[in-house]
Amino acid sequence: MPFMRSKPTRPATLVASLAVGLGATLAVAGCASQFPELYPPTAATSQGADVRTLYDIVFILAVIIFVAVEGAIIFAVWRYRRKPTDTDLPPQTHGNNLVEIIWTIIPTVIVLYLFIVSWQTLNTVEAKSDHPGVRVAAVAKRFSWSFLYLANDGKTPLFTTTAAGDGVFGTMVVPAGEAIDVKLVSPDVIHAFYVPKFLFKRDVVPGRTNEFDFTVDPGDVGQTFRGQCAELCGSGHGGMTFEVKAVSRPDFDKWLQEQIAAAKASPPPSGPPASGPPASGPPASGAPPPSGAPPPSGAPGSPAAAAEVDLAAQNIAFDKSTIEAPAGVPFVIKFTNNDAATQHNVEIKNPDGSVAFKGDLVTGVASATYNVPPLKSGSYPFQCTVHPTMTGTLTVK
Amino acid sequence: MATTALTPAATTYRSSLYEWVTTTDHKKIGILYLVNSFVFFFIGGILALGVRSQLAVPENKLIPPELYNQLFTLHASLMLFLFIIPILAGFANYVVPLQIGAPDMAFPRINALSFWMLPLAGIIMLAGFLTPNGAAAEGWTSYSPLAQRAYSGTGTDLWVVAVTLIGTSSILGSINFLVTIFKMRAPGMTMFRLPILVWTALVTSVLVLMATPVLTSALIMLFIDRNYGGHFFDPATGGNAVLWQNIFWFYSHPAVYIMILIAMGIVSEVLPVFSRKPLFGYKAFVFATAGIGALGFSVWAHHMFTTGTVYLPFFSFMTFLIAVPTGVKMFNWIATLFRGQLRFSTPLLFALGFLTMFLIGGINGAFSAAVPVDFALHDTYWVVAHLHYVLFGGSVFGVMAGVYYWFPKMTGRMLNETLGKIHFVLMFIGFNVTFFPMHILGLEGMPRRIAMYASSSGWGGLNLLATVGSIVIAASMLPFLWNVLVSLRSGEVAGDDPWEGNTLEWATSSPPPPYNFDHLPEIRSERPVFDARHGRTSSHGTRA
């Protein structure tokens with residue numbers, strides 16, 4: 001039985017459908033601009049503008065594919081519904097290798113194109129300036145943000161903004177039009193730094209320091225941009241907001257000097273000061289760093305003029321692999337932990353493997369004074385008990 | 001081809017409770033999986049209604065944040081681990097042995113064990129609500145350090161134990177399916193004559209077998225961190241927080257294919273029957289399914305683009321690439337409809353719903369494959385929209401198609417078509433009203449997993465709309481439940497083959513006898529029942 005056709009000229013129908021489809025796609029894409037919510041907000045940073053361009057490319061392709069494929073489904077549902085005149089089976093087409101090849105190759109080409117343009121945009125977004133205008137560390141802890149401004153060396157702390165209280169945002173003030181280098185630090189759980197108008201977020205991961213640049217458009221000077229934590233961090237996650245305020249460079253310099261002066265005027269924090277420059281980021285807000293208490297094991301308080309040995313930990317390594325101390329007298333290790341939000345200590349082992357001395361854990365960035373009891377001459381391996389790859393040799397003579 | 005001859009008492013025989021509890025028959029176990037999964041679907045749905053109630057208006061004080069975090073954690077955990085994965089396993093359990101012409105699964109008692117671990121696991125997970133600090137509250141992704149003991153309570157330990165049990169159930173099931181499919185096919189049922197549903201069960205079982213043990217290891221490590229002084233994932237004591245994410249997502253990305261492939265298999269069964277022509281491109285389907293399974297292991301870190309620890313271009317490339325075999329399947333399904341004779345019974349409606357909604361979920365996922373765009377959209381409501389379009393618009397619509405399609409085979413009764421259409425229309429509308437606005441909320445900057453948002457954000461209107469949609473989804477369950485209960489008692493008698501099906505399950509009575517088949521038709525293609533009906537077997541002299 002011949003297959004019964006209910007529509008006479010199929011090519012004309014096909015052409016008409018394509019024309020209508022194409023027209024509809026263009027109309028939808030055009031009308032979409034009337035619905036700004038279908039797009040991300042107008043970006044306030046140069047990086048964000050590039051992301052927005054990429055989004056627009058993906059969006060246009062998405063609309064075309066959506067209209068074409070949904071259109072095909074809707075067309076099939078309308079055109080091929082069973083009619084009372086359909087008594088025989090339709091043609092039992094099993095497949096067509098040519099169309100399989102075509103509709104494999106075309107999508108592959110499309111996704112390769114999308115991959116390439118998104119990789120190009122990624123390089124722009126990830127690029128870091130050699131000479132950022134400002135270096136800040138954003139410190140995220142449950143459930144507020146504070147911002148530690150750093151000197152141009154990226155290490156010396158200048159001052160910390162007050163952490164936000166209820167309903168008061170922690171605010172990061174930056175000059176517009178200049179690259180701002182941000183380091184992300186957390187002493188507790190994973191958070192995420194997210195500013196919707198920057199079209200950007202980056203996780204704040206305890207134990208590592210993520211770093212990125214952003215440049216606020218010069219035209220957005222005077223604007224304040226809302227941000228909030230975007231990684232579930234506990235019951236206060238939804239309220240963990242902050243602000244980024246873009247000002248002119250002169251206004252920023254004025255504000256910065258005022259903050260530094262105000263920080264110096266306030267009483268110094270109790271406990272040992274953070275000695276030495278913080279290497280990979282500072283501790284949370286202006287809270288005093290934990291002090292390394294004198295070790296429990298071993299001798300009573302050190303006598304006057306005990307020998308001092310300087311030792312520091314940085315990037316999960318000691319700064320010296322060999323240190324020396326005099327034999328037969330107690331001595332002092334002045335230990336500085338430069339790794340933010342990371343615990344280190346110094347444990348000295350006897351040559352037979354037993355523990356000669358174990359210092360308390362110090363959470364960076366902070367210093368501690370270890371009072372080591374007298375040791376006989378010899379070679380003593382020392383290590384960090386948290387990171388056993390951190391090792392060195394203490395020579396006592 | 002004769003209807004299987006059963007004793008007159010067979011159609012009115014009702015198994016006792018004891019039989020249900022002790023059964024090793026794959027058909028009863030399949031039904032147990034379905035019923036158990038729907039119970040957790042409804043509990044998970046109620047938790048979702050709790051979430052939507054809290055978010056309906058800004059600055060809502062209805063549900064405190066500590067409880068809110070438990071609600072969305074358990075909503076997702078129940079839906080993923082106790083609803084969608086098991087219900088697809090349940091469909092496979094019922095249908096695969098029938099479709100390959102086997103009398104049961106290879107290991108019937110392990111089959112029963114796999115099932116009974118599930119209600120136990122569900123009770124353990126929900127028992128978290130009875131502990132002092134409540135149920136697990138760190139999201140179903142349970143990132144450390146938040147999931148460490150310092151920040152969470154016993155509910156999280158119960159969650160870890162429950163998910164480990166569920167994983168064990170899945171692994172046992174996967175071995176059962178693989179042995180059954182490879183070793184128990186009827187004569188003539190070569191691999192390339194297997195129904196696509198069986199192929200999707202096969203690839204899913206390979207994924208389960210390879211990926212689930214990785215999750216189990218992560219869960220054990222987390223349990224050791226929490227209870228035995230371990231430091232795997234705690235950076236303050238030398239561990240690595242991102243390590244959890246890598247191990248977790250190495251399982252959980254293939255898991256999303258575990259959560260959809262069998263639903264795609266169901267759609268691949270329904271579309272040909274209700275178009276009255278074969279599935280277009282059978283072999284392309286098989287290769288595309290295998291390709292998706294394989295590629296699915298190479299993309300896990302696209303969930304971690306914002307961690308700063310991932311080689312971004314590789315994972316972006318592989319994520320874009322996986323769109324290609326997925327597109328091939330979409331085009332083949334549409335080509336099946338083309339030049340067919342479509343009968344718009346409820347199974348076809350839900351299959352069409354799958355096609356139209358899964359397409360949206362696939363497209364909005366492509367945005368996230370473009371890494372810089374993901375920097376803007378990750379952890380916002382855009383992702384919530386994406387995951388619900390693929391899991392609900394995709395998998396759940398596929399599940400509903402399967403329910404309406406195989407209910408007659410399982411029970412001997414037809415479901416009422418009018419109630420089915422009402423169910424479909426309400427669910428389709430409610431689903432889109434709930435989840436489409438979430439694209440916009442994500443673009444506007446609303447993060448996920450927040451218990452409350454400010455009125456100044458401007459997110460109130462769309463959130464209220466989404467809440468209204470969720471109530472419509474809930475309402476759509478009422479005609480469905482009513483339909484099931486009434487049809488069980490007094491639905492139209494189905495007979496062996498009410499839909500003019502293609503595959504072997506329609507060659508026996510509804511419901512089948514315990515041993516499945518009195519007589520098997522000749523198997524010469526992937527549509528043995530179709531062939532027998534249209535005189536295409538060699539005993540009729542015409543070669544198909």
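With protein chains left intact and a 1.4 Å probe, residues in the stretch B:20-533 average 29 Å² of accessible area per residue.
Candidates B:Phe315, A:Ala179, B:Met330 compared by Cα position along the dipole of the protein assembly as shown: farthest toward the positive end lies B:Met330, with charges placed on Cβ. Which listed residue (B:Tyr282, B:Leu146, B:Ser252) has the Cα farthest towards the positive end of the charge dipole for the stretch B:20-533, taking +1 on Lys and Arg C-beta and -1 on Asp and Glu C-beta about the Cα centre? Value computed over the given set: B:Tyr282.
The shape of the stretch A:31-100 comes out oblate: with a ≥ b ≥ c from the C-alpha gyration tensor, a/c is at least 1.5 while a/b does not beat b/c.
Subtracting the Cα-Cα distance of A:Glu308 and A:Asn96 from 0.36 nm times their residue separation leaves 68.0 nm of extension gain. Helix B:282-295 and the long axis of chain B differ in direction by around 20°, with both axes built from C-alpha atoms. Counting only DSSP H runs of at least 4 residues, each contributing -39500 (n - 2.57), and dividing by the residue count of chain B, the helix-based mean residue ellipticity at 222 nm comes to -21000 deg cm²/dmol. Extension gain, B:Val468 to B:Glu19, is 157.4 nm, computed as 0.36 nm per intervening residue step minus the present C-alpha separation.
Take the accessible area of B alone and of A alone, subtract that of the pair with a 1.4 Å probe, and the total buried over both chains is about 7100 Å². Which of rounded, prolate or oblate describes chain B when judged by the alpha-carbon gyration tensor and an a/c cut-off of 1.5? Prolate, since a/c reaches 1.5 and a/b exceeds b/c.
Measuring only protein heavy atoms, the 1.4 Å probe finds B:Asp104 accessible over about 30 Å². With R₀ set to 60 Å, the beta-carbon distance separating A:Val329 from A:Lys254 gives a calculated FRET efficiency near 0.65. Using a simple spin-label model with pseudo-atoms 7 Å out from Cα toward Cβ, A:Lys264 and B:Ala454 lie 3.4 nm apart. What is the list of residues in the stretch A:360-381 whose amide nitrogen lies under 18 Å from a point 7 angstrom out from the Cα of A:Ser354, following Cα to Cβ? Once the point is set 7 Å along Cα→Cβ of A:Ser354, A:373-381 turn out to lie under 18 Å by backbone N, inside the stretch A:360-381. For the stretch B:141-175, backbone nitrogen atoms closer than 14 Å to the point 7 Å from B:Phe297 Cα along Cα-to-C-beta are found at no residue.
Loop-resident trypsin sites (Lys or Arg not before Pro) (DSSP state other than H, G, I, E or B) in the stretch B:276-332 with no more than 11 further Cβ atoms inside 10 Å of their Cβ are absent. The stretch B:303-353 and the stretch A:203-255 have Cα centres spaced 37 Å apart. Residue ranking by accessible heavy-atom surface, 1.4 Å probe, largest first, among B:Leu312, B:Leu465 comes out as B:Leu465, B:Leu312. A 1.4 Å probe, protein heavy atoms only, puts the accessible area of B:Ile181 near 0 Å².
Computed with a 1.4 Å probe on the full set of protein chains, the accessible area for B:His386 sits at about 50 Å². Each part gets one Cα centre, and for the stretch B:477-527 versus the stretch B:217-258 those centres are 44 Å apart. The simple spin-label model puts a point 7 Å past each Cα toward its Cβ; for B:Met191 and A:Asp153 those points are separated by 6.6 nm.
The modelled label-to-label distance between B:Ala290 and B:Glu500, using points 7 Å beyond Cα along the C-beta direction, is 3.3 nm. On the basis of the beta-carbon distance and an R0 of 30 Å, B:Val57 and A:Leu38 show a calculated FRET efficiency of 0.80. Loop-located chymotrypsin sites (Phe, Trp or Tyr not before Pro) in the stretch B:177-267 (DSSP state not H, G, I, E or B) with no more than 15 neighbouring Cβ atoms inside 10 Å: B:Tyr228. Note on B:Lys183 and B:Leu478: with the Förster distance fixed at 41 Å, the Cβ-Cβ geometry gives a FRET efficiency of about 0.40. Across the accessible surface of the stretch B:20-533, with the other protein chains kept in place and a 1.4 Å probe, carbon and sulfur atoms take up 72 percent. Across chain B, C-alpha contacts under 8 Å between residues 6 or more apart give a mean separation that, scaled by the residue count, equals a relative contact order of 17 percent.
The values are calculated or read from the model by the stated rules, or taken from the named source; none is laboratory data. It should be emphasised that the depicted structure is a prediction, and the values quoted were computed from it without experimental measurement. Don't worry about glycine lacking a Cβ; one is built from the backbone with ideal geometry, like all the others, and counts go over all protein chains shown. Side chains included, ligands, DNA and RNA excluded: accessible areas come from the protein's heavy atoms. Shrake-Rupley method; radii C 1.70, N 1.55, O 1.52, S 1.80 Å.
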